[in-house]
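Below is one structure, written out as structure tokens; comments come after it.
The values are calculated or read from the model by the stated rules, or taken from the named source; none is laboratory data. Model, not experiment: these values are computed from the prediction. Here the Cβ is made from the backbone with ideal geometry for all residues, glycine too, and neighbour counts use every protein chain on show. Side chains are part of the model used for accessible areas, which takes the heavy atoms of the whole protein and leaves out ligands, DNA and RNA. Shrake-Rupley method; radii C 1.70, N 1.55, O 1.52, S 1.80 Å.
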Amino acid sequence: MTGRRTVLQVLSCVLFLIPITSPASATSAAGLTIRADLTHVDSGRGFTGSELLNRMVSRSRARAARLYGRHSHPYGHPATAAAAPGTVGEPSTEYLIHLAIGTPRPQHVALTLDTGSDLVWTQCASCAVCFDQPSQNFDPSASKTIRYVPCSDPICANYTDSLCNIRPDEPGDPCVYLGSYGDGSITAGKILRDTFTFKGSAVVPGISFGCGLFNKGIFDTNESGIAGFGRGPQSLPSQLKLGRFSHCFTPMLVDKPRNSPVFLGTPDDLTAHATGPVQSTPLKRNPVIPSINYYYLSLEGITVGDTRLPVTASAFAINEEDGSGGTIIDSGTGVTNFPQAVYDQLRKAFVAQVPLPVDAKASESRGFLCFSGADAEKVAVPKLVFHLEGADMELPRENYMPVLDDGKLLCLIISSTKGNQTIIGNFQQQNVHIVYDVENSKLLFAPAQCDKL
């Protein structure tokens, strides 16, 4: 806590480097449907399919360790990056949402979309400690609609680490946030309000966000900050007062990947461009640690081919004593992770049912279970179904066992974790329209042609 307090006190000395006008109230986009584009963090960087998957599994394991570790620090803010062997300098989130902030000339920002956190922030031009980013830092002084958020504002009360807690007798002080992460990375700065502009000229005034003035760690990608899409009051969907939002990830392992759409306020017709039925399953809360705003699901079992794995629903449930474990669906994790005991059963079933030999060398180098054969692309693979409460998510083949190395290799793109938490990652969500109906506490999903939405 001493280090965190020191950063906040240093920030208090530079608070007024940014000239900000008087405070303003927030507004909402309730009743609107706003569309924005998502790009994958590795899009256009020249990686092969195998390289993309290798990078994805490294990030996924790092993020899984961080998400699991947050149960020990339930009031900390999840990071956009996490240190793990082979992943230093790489993000653990996967998709960037593109929007603009300020008026009269909106300034472009690329924020990592993270359903595992709440804080929205971007690096500011006046930052005392900064990381490199490909676009210009956001300049608050160039916006005529920028406003500061005082300590007395309700949104500020949601930040546990704040200068307002150090100086409780000064309600007029600007609200200052501190996001600290398990890998030692931090972001700290002012909470401001300004106008956000989305694709199609959708304009929403009065959105609160962090203006990062002290940003240190392993942020080193195409991002300028993070857009929290969690269930807390600071997240972007919560501030927009939306009952639901959705995303549809386009396929990654294609020659020319397309942008993926995210909808803030989902279109009523979910059957548009759907290739299968719309199903729903309840969204759960963590009853032991309610401050954790992950999107929990009730996973009841897994089927491989015609075989239901001998794993009970308790293997996927939240631990009633310490709040650890459980099953979450997460936009920022690339590859689905299962606890080791569950993964071992999954691996055993695929080894028994795929009519090809296991390629031990490829499996070790790629970090996945791989099979090799001259005509691997022609081999029928067993189906994979996640049995959720009230719904069965049957994955298309390309979402769990794509063909690699010119048709000579099949790899199961699912990983294991040392913890007891299950995370359904975004590779398994490709070409599936995922709707977070937070108003009714349920998740809707349907297979879809995401590039057509």
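Points to keep in mind about this one:
- Residues of segment 97-118 classified as open to solvent by 10 Å² or more (accessible area, probe 1.4 Å), farther than 23 Å from LEU297 by Cβ and within 16 Å of the chain's Cα centre (by Cα), total: 1
- With respect to the stated conditions, THR281 fails to be part of a strand (DSSP E or B) and over 26 Å from SER117 (Cα atoms).
- ASN286 satisfies every condition listed in (1) buried (at least 19 other Cβ atoms within 10 Å of the Cβ); (2) touching a His at 6+ places or on another chain (Cβ under 8 Å) except (2).
- Scope segment 391-424; condition open to solvent by 40 Å² or more (accessible area, probe 1.4 Å) and either over 20 Å from ALA448 (Cβ atoms) or in a strand (DSSP E or B) (or both); matching residues: ASP392, GLU394, VAL403, ASP405, ASP406, LYS408, LYS418, ASN420
- So ASP405, is it at positive phi and of a type outside the set (Phe, Trp, Tyr): yes
- Residue match in segment 435-449 (condition: more than 26 Å from PRO277 (Cα to Cα), in a strand (DSSP E or B) and hydrophobic (A, V, I, L, M, F, W, C)): no
- When residues in segment 235-263 are screened for being over 15 Å from the mean Cα position of the chain (by Cα), under 20 Å from GLU439 (Cα atoms) and open to solvent by less than 10 Å² (accessible area, probe 1.4 Å), 1 of them pass.
- The residue of segment 182-220 that is modelled with the lowest pLDDT, among those that are in a loop (DSSP other than H, G, I, E, B) and surrounded by fewer than 23 Cβ atoms within 10 Å (Cβ to Cβ), is GLY182.
- Any hit, segment 371-382, residues being under 30 Å from VAL262 (Cβ atoms), surrounded by fewer than 20 Cβ atoms within 10 Å (Cβ to Cβ), out of contact with any Phe, Trp or Tyr (no Cβ under 9 Å at 6 or more places or on another chain) and of a type in the set (Lys, Arg): no
- Odd one out for THR275, checked against (1) over 30 Å from ARG193 (Cα atoms); (2) open to solvent by 20 Å² or more (accessible area, probe 1.4 Å); (3) touching a helix residue (DSSP H, G or I) at 6+ places or on another chain (Cβ under 9 Å): (3)
- Members of segment 334-361 that are open to solvent by less than 10 Å² (accessible area, probe 1.4 Å), within 30 Å of the chain's Cα centre (by Cα) and within 15 Å of ILE413 (Cβ to Cβ): GLY334, VAL335, THR336, ASN337, PHE338, LEU346, PHE350
- Screening PRO290, PRO237, PRO261 for residues that are of a type outside the set (Phe, Trp, Tyr) and in a loop (DSSP other than H, G, I, E, B) leaves exactly one candidate, PRO290.
- Cβ-Cβ under 9 Å pairs, at least 6 apart or on other chains, segment 371-383 side of a type in the set (Ser, Thr, Tyr), far side part of a loop (DSSP other than H, G, I, E, B) and open to solvent by 20 Å² or more (accessible area, probe 1.4 Å): SER372/LEU356; SER372/PRO357; SER372/ASP359; SER372/ASP405; SER372/LYS408
- Scanning segment 295-333 for residues that are more than 24 Å from the chain's Cα centre (by Cα) and among the β-branched types (Val, Ile, Thr) yields a total of 5.
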